[in-house]
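One structure is given here, and the rest of the page talks about it.
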Amino acid sequence: MIAILFRDMRLAMRAGGGFGLGLAFFLIVVVLVPFGVGPESALLGKIAPGILWVGALLACLLSLDRIFALDFEDGSLDLLATAPVPLEGVVAMKAFAHWLTTGLPLTIAAPFLAVLLNMPDQGFVWLVVTLGLGTPALSFIGTFGAALTVGLKRGGLLLSLLVLPLYVPTLIFGAEALRRGALGMDNTTPLLMLAGITAGVVALLPFVAAATIRINLR
């Protein structure tokens, strides 16, 4: 399991592996929003939670098609499916590797980019907390979507269409928890909902994705 985790992380960090692609996209989104909305600091601070969460969500989409595609093309996925290692564990490690190379960097970089959107000071901690709770769900849901489209040529667009509706609950509760926290309001309910979604996704989707891969490989 650990070998699979480090292998996927090394592949993601290679040239063309998509490690910096999500961060670059996130930066572009945050930088362009003030140009489109205008220099009104009050308005930027009001929409900052939604913009940051939407940017992080879209940035996670960029590298989803790489999770299983390379392994399928070189035959590694067939070997992993027949190896004495549970396929569910392989899927979980791949999703975890995606989060470490995409979700975690976005979570760390988000407070620095939030300065550009004039986010209130009390919102910076909640930005890290909500993204830290929510981005694992994005990676695991994306891994499930990648399992559905494995083997399809040019399945990137289909993958996005399949995954985006599943991302909506995480986006809603993550942005709402951040908005309430930034305004100094009680955000316990959306935080618990966000944590519940992540816990459920992490617990269930590796089994569903593994079953989907077995069907696709037949």
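A few points about this structure:
- Some residue of segment 149-156 being buried (at least 16 other Cβ atoms within 10 Å of the Cβ) and closer than 29 Å to residue 189 by Cβ: no
- Among the conditions (1) at pLDDT 85 or above; (2) out of contact with any Leu (no Cβ under 6 Å at 6 or more places or on another chain); (3) over 17 Å from residue 138 (Cα atoms), residue 103 misses just one, which is (3).
- Scan segment 187-208 for residues that are in contact (Cβ under 8 Å) with a residue 24 or more places away in the chain, open to solvent by less than 40 Å² (accessible area, probe 1.4 Å) and over 16 Å from the mean Cα position of the chain (by Cα) and the total you get is 2.
- Among the residues making up segment 167-186, those that are charged (D, E, K, R) and either over 20 Å from residue 59 (Cα atoms) or open to solvent by 60 Å² or more (accessible area, probe 1.4 Å) (or both) are 179, 180, 186.
- Condition check for residue 135: closer than 29 Å to residue 35 by Cβ, crowded, with 21+ Cβ neighbours inside 10 Å, modelled with pLDDT of 90 or more and polar (S, T, N, Q): yes
- Pairs linking a residue in segment 157-186 that is closer than 16 Å to residue 49 by Cβ and aliphatic (A, V, I, L, M) to a residue that is open to solvent by 70 Å² or more (accessible area, probe 1.4 Å) and not in a helix (DSSP H, G or I), with Cβ atoms under 7 Å and 6 or more positions apart or on different chains, are 182/122.
- Selection count where residues are out of contact with any Gly (no Cβ under 8 Å at 6 or more places or on another chain) and either open to solvent by 10 Å² or more (accessible area, probe 1.4 Å) or among the small types (Gly, Ala, Ser) (or both), scope segment 45-55: 7
- When residues of segment 70-80 are limited to those that are touching a residue at least 24 places away in the same chain (Cβ under 8 Å) and open to solvent by 40 Å² or more (accessible area, probe 1.4 Å), the one farthest from the chain's Cα centre (by Cα): 78
- When residues in segment 81-101 are screened for being closer than 30 Å to residue 118 by Cα and either without any contact (Cβ under 8 Å) to a residue 60 or more places away in the chain or open to solvent by less than 20 Å² (accessible area, probe 1.4 Å) (or both), 3 of them pass.
The values are calculated or read from the model by the stated rules, or taken from the named source; none is laboratory data. Quick caveat, the model's predicted, so the values are computed rather than measured. Here Cβ is always computed from backbone atoms with ideal geometry, including for glycine, and neighbour counts include all displayed protein chains. Quick note on the areas: whole protein, heavy atoms, side chains included, nothing else; ligands and nucleic acids left out. Shrake-Rupley method; radii C 1.70, N 1.55, O 1.52, S 1.80 Å.
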